[in-house]
Amino acid sequence: MTELRATSADGTLVTALDDGSGPALLLVHGGGEDPGSWDGVTAALVEDFRVVRINRRIYADGAPAAGAAHSCAVEAADVLAVAAALGQPALLVGHSSGAIAALEAALVDPSAFRGLFLYEPPVPSRSQVGGVAAVRATAALEAGDATGAVRIQLRDIVGLPAAQVETLLRDPGTRRLLTRRAAAQAADIRALDALGVGTGRFTGLRLPATLLEGGQSPAHLRERLADLAAALPDAQVVTLPGCGHTAHRSAPRTVARKIREAAVAVLGLPGGPGGDGRGEGQGVSPAQSQRLGSAGRGA
C-alpha cells in the first residue's frame with residue numbers, strides 16, 4: 001500500500017490510500033469515518049483492482065476544524081483532484097455523505113469516471129438531511145457536550161436505533177473516535193443541507209449508477225435513495241437483505257461482491273455484461289480476467 005497525493009483546486013493537499021493494481025476503484029468514505037473503515041472491502045478487491053481510498057479532508061487526523069467555508073463543492077474538487085492522478089477513469093464508490101461528495105464530483109466532470117456505486121447517499125430529495133436536529137447538535141457542541149452532539153447526529157439525523165447508538169457510545173474507544181469527529185460531522189451535515197432540497201439537477205447525469213441500500217437501513221435513507229434512482233437516467237437499486245447502513249463493516253465481502261459486479265459491467269471487462277476486452281488495456285492479466293468473471297460468490 002502506498003499514499004497517493006493530489007493538490008485540490010484550493011491548494012489543499014489531499015491524500016489517499018492506494019492498494020492493488022488493475023482497473024481503478026476510487027472510494028470516498030462516509031461521515032465520521034476514515035479510509036480504514038473500508039479495510040475489509042478493500043481486502044476482497046485488491047487482487048483484481050486498484051483500490052484508492054480518499055482521506056476526506058474534514059476527517060483527516062490533524063486537520064483544522066472545518067468552518068463555514070466547508071462545502072460539498074470543496075469535497076467534489078478533492079475527489080476530482082485524486083481522480084485526475086489515477087491516469088484512468090474509475091468506478092467511483094461512495095458511502096453516506098461520501099457518496100454525496102462522489103455524486104457532486106460526477107456532476108462537475110462525469111468524464112472522469114466510468115460509473116457510480118453509491119451506498120445510501122443522504123440526498124436532500126424531499127427535506128433537509130439535518131434540519132432542526134443539526135441545529136441542536138451544533139448547540140450541544142458549543143456547550144461542550146460532544147457526546148450529546150454525537151447522540152443527536154446518529155439517532156436523530158442518521159436514524160440509527162437509540163439502543164444501537166447507546167451501545168456505540170458505551171464503548172470507550174468508539175466514543176472517543178466519534179466525539180473527536182463530532183464537529184467535522186456537524187460541518188459535513190451543514191454542507192449537505194446547503195445543497196437545497198430536490199433532485200432535478202441529477203436528471204442529466206448519464207453515468208451508469210448502482211445505488212446500494214440495506215434492507216434494514218433507516219426508512220429515510222431508503223426513501224432518499226429511491227428518489228435519486230428516479231432522477232438518474234441510468235440507475236439500478238441493489239438491496240442487501242439483513243444489512244443496514246454499515247454493511248461495509250458488518251458484511252464487507254458482500255459489499256465487495258456488489259462493487260465487483262458493478263465494476264465488471266461498467267469497466268467493460270471480460271466476463272461482464274457487454275465485455276469487449278477493454279480491461280486488457282487496463283492491466284488485467286488472463287488470470288485476473290477469469291477471477292473477475294467468477295469471484296465473489298461467497299458472503
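At least 1 residues that are within 16 Å of Ile54 (Cβ to Cβ) in each: list the helices (runs of 4 or more DSSP H) lying fully within segment 89-187 that qualify. Give the derivation first.
Details: elements: 97-108, 131-142, 146-152, 162-170, 172-180.
In segment 89-187, 97-108 are the helices (runs of 4 or more DSSP H) which contain 1 or more residues that are within 16 Å of Ile54 (Cβ to Cβ).
Looking at segment 40-67, which of the residues that are out of contact with any strand residue (DSSP E or B) (no Cβ under 6 Å at 6 or more places or on another chain) and without any contact (Cβ under 8 Å) to a residue 60 or more places away in the chain is least open to solvent (accessible area, probe 1.4 Å)? Don't jump to the end; show me each part of the working.
Initially, segment 40-67 is screened for residues out of contact with any strand residue (DSSP E or B) (no Cβ under 6 Å at 6 or more places or on another chain), giving 40-41, 43-44, 47-48, 56-67.
Narrowing the set further to residues that are without any contact (Cβ under 8 Å) to a residue 60 or more places away in the chain leaves 56-57, 60-62, 64.
Details: Arg56: 4, Arg57: 50, Ala60: 26, Asp61: 123, Gly62: 84, Pro64: 109 Å².
Applying the filter and picking the extreme gives Arg56.
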> Does segment 45-63 hold any residues that are hydrophobic (A, V, I, L, M, F, W, C), in contact with a Gly (Cβ under 6 Å, 6 or more places away or on another chain) and more than 17 Å from Arg5 (Cβ to Cβ), and which are they?
Replying inline: Val46, Phe49
> Residues in segment 219-263 that are modelled with pLDDT under 95 and open to solvent by less than 40 Å² (accessible area, probe 1.4 Å): how many?
Replying inline: 2
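Given the condition aliphatic (A, V, I, L, M), without any contact (Cβ under 8 Å) to a residue 24 or more places away in the chain and out of contact with any Asp or Glu (no Cβ under 6 Å at 6 or more places or on another chain), answer yes or no: does some residue in segment 186-199 qualify? Please lay out each step first, then the result.
If we filter segment 186-199 for residues that are aliphatic (A, V, I, L, M), which is where we start, we get 186-187, 189, 191-192, 194-195, 197.
Subset that is without any contact (Cβ under 8 Å) to a residue 24 or more places away in the chain: none.
Taking every residue of segment 186-199 in turn, none turns out to be aliphatic (A, V, I, L, M), without any contact (Cβ under 8 Å) to a residue 24 or more places away in the chain and out of contact with any Asp or Glu (no Cβ under 6 Å at 6 or more places or on another chain).
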> Out of segment 107-123, which residues are charged (D, E, K, R) and open to solvent by less than 20 Å² (accessible area, probe 1.4 Å)?
Replying inline: Glu120
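Here is a yes/no grid of residues against (1) open to solvent by 20 Å² or more (accessible area, probe 1.4 Å); (2) closer than 30 Å to Pro23 by Cα; (3) touching a Leu at 6+ places or on another chain (Cβ under 7 Å):
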{"residue": "Gly98", "(1), (2), (3)": "no, yes, no"}
{"residue": "Ser125", "(1), (2), (3)": "no, no, yes"}
{"residue": "Thr147", "(1), (2), (3)": "yes, no, yes"}
{"residue": "Leu169", "(1), (2), (3)": "no, no, no"}
>> I need every pair where a residue in segment 1-27 that is without any contact (Cβ under 8 Å) to a residue 12 or more places away in the chain has its Cβ under 8 Å from the Cβ of a residue that is among the basic types (Lys, Arg) and surrounded by fewer than 18 Cβ atoms within 10 Å (Cβ to Cβ), sequence separation at least 6 or different chains.
In response: Leu13/Arg5
>> Considering only residues that are of a type outside the set (A, V, I, L, M), buried (at least 17 other Cβ atoms within 10 Å of the Cβ) and assigned to a loop (DSSP other than H, G, I, E, B), which ones fall in segment 188-199?
In response: Thr199
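So which residues in segment 116-143 are under 15 Å from the mean Cα position of the chain (by Cα) and on the phi > 0 side of the Ramachandran plot, if there are any at all? Before the answer, list the steps.
Residues of segment 116-143 under 15 Å from the mean Cα position of the chain (by Cα): 116-123.
Answer for segment 116-143, where residues must be under 15 Å from the mean Cα position of the chain (by Cα) and on the phi > 0 side of the Ramachandran plot: just Glu120.
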> In segment 1-16, which residue that is aliphatic (A, V, I, L, M) and crowded, with 16+ Cβ neighbours inside 10 Å is nearest to Glu33 (Cα to Cα)?
Replying inline: Ala16
> Which one is nearest to Leu160 (Cα to Cα) among residues in segment 209-246 that are part of a loop (DSSP other than H, G, I, E, B) and touching a helix residue (DSSP H, G or I) at 6+ places or on another chain (Cβ under 8 Å)?
Replying inline: Pro218
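What about Arg206, is it in contact (Cβ under 8 Å) with a residue 40 or more places away in the chain and assigned to a helix (DSSP H, G or I)? Before the answer, list the steps.
On the way: in contact (Cβ under 8 Å) with a residue 40 or more places away in the chain: yes; assigned to a helix (DSSP H, G or I): no.
Here the answer is no, as Arg206 does not meet what is asked.
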>> Here are the criteria: (1) open to solvent by less than 10 Å² (accessible area, probe 1.4 Å); (2) part of a helix (DSSP H, G or I). Tell me which single one Val74 does not satisfy.
In response: (1)
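The values are calculated or read from the model by the stated rules, or taken from the named source; none is laboratory data. The structure presented is a predicted model; accordingly, all values stated were derived computationally and were not measured. Here the Cβ is made from the backbone with ideal geometry for all residues, glycine too, and neighbour counts use every protein chain on show. Side chains are part of the model used for accessible areas, which takes the heavy atoms of the whole protein and leaves out ligands, DNA and RNA. Shrake-Rupley method; radii C 1.70, N 1.55, O 1.52, S 1.80 Å.
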